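The structure appears right after this line, and notes come after that.
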Amino acid sequence: MSEKQEWQMEQDHLSMVYDKLLEMERRVYNDSEEADEDSRLFLRNLSEDVRMNGASAADSFESLIQVEQKNQELAQLNYKREWLEKQKNVIKQLLDGPYFAKLDVKYPEETEADQFYIGVAGFSDENHEQYVYDWRSPIANLYYENSLGETSYDAPMGKVAVDLQKRRQLKLTKNKLLDFFDTSTAIEDPMLLEVLNEESSVKLQDITSTIQKEQNAIIRDTKSDVLIVEGIAGSGKTSTVLQRIAFLLYRYKDDLQPEQVLLLSPNPMFSRYIEEVLPSLGEKNPRQMTYRDLMRTRGRDTKIEELDAQLENVSVLNSLDNMFAIEEYVSELDVHLIDFKDIKLEAEMIISAKWMRQTVESLPQDIELYRKLAFLQEKMQEALAKFIKTEAKKPKWRNELENLSNEEYNHLFAKIKKGTEDEQIEKVVLKVVQHHYNPVRQYIANYSWLDMESHYLLATGLPLQTPMTLDQATEFAYLNHLVIRNHAQQKTKFVILDEVQDYTEAQLYFLAKVYGDANFTLVGDGYQAIFAQGTTFTRVEELFQGPNRQVTSVKLLKSYRSSGPISHFMKHLLGGDQSGVEVIDRPGKDPELTALATQEEYVSYLQERLTQLQEGYRQVILTKDSQEARELYKVLGEPQQVSLIADSSKLDLSHQQFVMPVHLAKGLEFDSVIVHNVSQKRFKTQHDLNLLYTASSRAMHELYLPYIENVSEFIEK
Ligand SMILES: Nc1ncnc2c1ncn2[C@@H]1O[C@H](COP(=O)(O)OP(=O)(O)OP(=O)(O)O)[C@@H](O)[C@H]1O
């Protein structure tokens, strides 16, 4: 076939699939309208049914069964509507570009190759004719593995040997074919090069159509219990783990909910930066938080030092000592040694420590401590319920009703329809009293009646500080975990950590122990360590090693973010050839070193630079810390068009130009980066080198390195 005929054939195929998609879209929208109408009718009939029931035998057994049936019908209707919504989204995505690749695959028993088109989602018609295969389906692995000829893929029924005869990348928009390339070797990837030359965007984009072989292996790994990825800046670690989450949700679709995946990100800004990737792949975002937030939720609302204080803390401690001390302490802890606290509300005794001790000591000796405490907790909730019932009989509560506003009064009575007026009032009073004692219920539920602060002091010999360091919060949460064994974390099946090098050993130890049954994906870059107490990759591996854990470590050594010249510069900072870094020689501007003699000249240079930004580009000046960012912004005359981001509470990334500290730019990227004053005096320690490397590697297309007097030796060498 000539190239022209081939083009026509692809264009015809695309038009055909596009029309099928439009047809399906019409059908789904019709079905969706019908389903909405069914729901409306159902709800209308339901309220009539309920009224009829109310008039006859209100609480009869039959009516209960009817309610049960109605609930089931409603659940089915809702399920259908949800499914149709999902279909609408899939079709919308596919109409933007139905697929991006095509594979010609010959099975051994057949004479001709079959053709498979791969897209961001799968698509088949009502006759089960499959037009597009999901990028996560087994066959699509052939596209990413990229080995033409005799090969195989893993299907549900086992390995399938095939001959991959052609691998085609297609560029298209809607029903228009723009280009296609047949790649014959793994090195060629015209589509990748095209994508990499684009400008930066405010939010991270998905990389589905250009995932590289080494990234694919990480995305599809289902064998490792702990997967550790050490990758240089811009090697696609974040992109890869997000694609991996989408893959896992697809692969385990019947058993895995997005809430069972916990993604710990370095800062809140980063969470915003990545929030669109999974929705763009038709998946929901997982549970996403920073480690600091996780500690806040686990450690009884404890006050924890903020990021800036953590950055300033340069002491390097053996951070596991206290964790071990806590383990030993808890292993010897007996119920007789537990300190209880009286439960009082406004000086009124509700449950005394003495009662708690008696209750728990009356239990058989051999029951484990955490079970005894859970039992006690249950008894306390029962005691509270009894207390509230007695309390509600006191006349003072009825008098309280008179103080209610009309609105509050109507609100409280709205849901109580049955019974005499007196019975109704009784119910409302009970509600009011329950509400009053809600803090107590919460207090009991949170085990706040255990004096854990004293136990922490006994275990470690240290008082709790206010605010706590992040490590102390970790130790305190670990102590709570060991004593109480909260089972909430058991629901988490996958824990994914970005920037693993910035966690201390205690923090990693905590995660490894507390989420003991979960699968871990840990990604990071040792060269981007910004905390004095971070952990090396060797130690990460040791910490997660365990008898039932298969630990796999992989490296990513190519930067997809930065142009060739910037990647060469990064490689230079990492020690040249010995770093193992591979450069994709994508053309670009050389990093620009500029010497300035005085502070005044330096400021003028920056001001000038800021006015010369290429149309459509985003630019950042990166400083060593927040204080420096604030000062520099002032010195520059607080330019209106430039946004100062000095703490993580100010997260607006919608501007084009920024001044910010490196630690807040972690994970992000910009078309143009200026590293603030890379002089010899300012960049000389290993920590400075890490900052310089992290800052420079935020750049996609342009890197400026101005300095006053002499340049840092890291650059000059
Ligand atoms: N296979 C790929 N195809 C296209 N673009 C890619 C690919 N891999 C990575 N990229 C792009 O490279 C850039 C860097 O990716 P990402 O942020 O995931 O890297 P990272 O390793 O997490 O970087 P850092 O450590 O600096 O935070 C992003 O713009 C991403 O879209």
field: For region 321-459: accessible area per residue (Å², 1.4 Å)
entry: 63
message: Highest mean first, how do 394-400, 494-500 rank when packing is the count of other Cβ atoms within 10 Å averaged over residues?
response: 494-500, 394-400
Accessible-area composition of the chain, carbon plus sulfur, in percent [1.4 Å probe]: 49
statement: Scoring region 640-714 by relative contact order with C-alpha pairs under 8 Å, at least six apart, yields a percentage of 33
query: Put a dot 7 Å past each Cα toward the Cβ at residue 217 and residue 457; how far apart are the dots in nm?
result: 5.4
query: For the chain, what is the mean residue ellipticity at 222 nm derived from helices alone (per DSSP H run of n ≥ 4: -39500 (n - 2.57); sum divided by total residues; nearest 500 deg cm²/dmol)?
result: -14000 deg cm²/dmol
field: Alpha carbon centroid spacing (whole Å) that separates region 222-258 from region 138-173
entry: 20
field: Cut-off under 5 Å, modelled amide H: who pairs with residue 233 long-range
entry: none
message: Between residue 40 and residue 257, how high is the FRET efficiency from 1/(1 + (r/R0)^6) when r is the Cβ-Cβ distance and R₀ = 45 Å? Nearest 0.05.
response: 0.95
- prompt: Could you list log10 I(q)/I(0) for region 191-261 at q = 0.26, 0.27 Å⁻¹, which the Debye formula gives when each Cα is one point scatterer?
  reply: -1.34, -1.40
query: So, in nm, how far is label residue 115 from label residue 321 when the simple model puts each one 7 Å beyond its Cα toward the Cβ?
result: 6.9
statement: A student applying the Cα gyration tensor rule (rounded when a/c is under 1.5; otherwise prolate if a/b is larger than b/c, oblate if not) would label region 340-446 prolate
- prompt: Hey, what's region 482-609 come to in accessible area per residue, 1.4 Å probe, Å²?
  reply: 42
field: Contact order normalised by residue count of the chain, Cα under 8 Å, 6+ apart, percent
entry: 13
Ranked by how many other beta carbons lie within 10 Å on average, peptides 366-374, 569-577, 156-164 from highest: 569-577, 366-374, 156-164
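How compact is region 549-678 by the rule of thumb for globular proteins, expressed as Cα Rg over 2.2 N^0.38 Å?
Scaled against compact globular proteins, the figure is 1.20.
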All-pairs Cα distance distribution in the chain, expressed in whole percent, bin size 10 Å: 2, 11, 18, 19, 19, 16, 10, 4, 1, 0
- prompt: Tell me, what is the FRET efficiency for residue 107 and residue 1 to the nearest 0.05, using R0 = 30 angstrom and their Cβ-Cβ distance as r?
  reply: 0.85
message: Given R₀ = 30 Å, what would the calculated FRET efficiency be for residue 422 paired with residue 386, taking r from the Cβ atoms and rounding to 0.05?
response: 0.85
task: Please give the length that would be gained between residue 31 and residue 73 if that part of the chain were fully extended, namely 0.36 nm times their separation in residues minus their C-alpha to C-alpha distance (nm, one decimal).
output: 13.4 nm
task: Subtracting the Cα-Cα distance from 0.36 nm times the residue separation, let me have the gained length for residue 311 to residue 160 in nm, one decimal.
output: 49.2 nm
- prompt: By average Cβ neighbour count within 10 Å, what is the ranking of 436-442, 319-325 from highest down?
  reply: 319-325, 436-442
task: Among 218, 7, 404, flag the residue with its Cα farthest along the positive direction of the charge dipole of the chain, charges on Cβ as +1 for Lys/Arg and -1 for Asp/Glu.
output: 404
message: Which residue, 383, 364, 345, has the largest displacement toward the positive end of the dipole of region 340-446 when charges sit on each Cβ (Lys, Arg +1; Asp, Glu -1)?
response: 364
message: Students often get this wrong, so check it: of 372/396; 174/555; 88/555; 223/491; 80/213; 70/379, which have C-alpha atoms separated by over 32 Å?
response: 372/396; 174/555; 88/555; 80/213; 70/379
- prompt: Counting DSSP beta bridges with both partners in the chain, what percentage is antiparallel, nearest 5?
  reply: 40
message: Below 8 Å between Cα atoms, with a sequence gap of 6+, how large is the relative contact order for region 480-614 in percent?
response: 18
message: Take residue 199 and residue 405, extend 7 Å from each Cα along the Cα→Cβ direction, and tell me the distance between the two endpoints in nm.
response: 5.0
- prompt: Between 701, 690, 614, whose Cα lies farthest towards the positive end of the dipole of region 588-708 when Lys and Arg beta carbons carry +1 and Asp and Glu beta carbons carry -1, centred on the Cα centre?
  reply: 690
query: Excluding same-chain residues fewer than 8 positions from residue 418, which lysines have a Cα within less than 17 Å of its Cα?
result: 427, 431
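The values are calculated or read from the model by the stated rules, or taken from the named source; none is laboratory data. In this text the structure is predicted, and so the values were computed from the model without any measurement. So basically every Cβ, Gly included, is an ideal-geometry build from the backbone, and we count neighbours across all protein chains shown. Heads up: the accessible areas ignore ligands, DNA and RNA and are worked out on the full protein's heavy atoms, side chains in. Shrake-Rupley method; radii C 1.70, N 1.55, O 1.52, S 1.80 Å.
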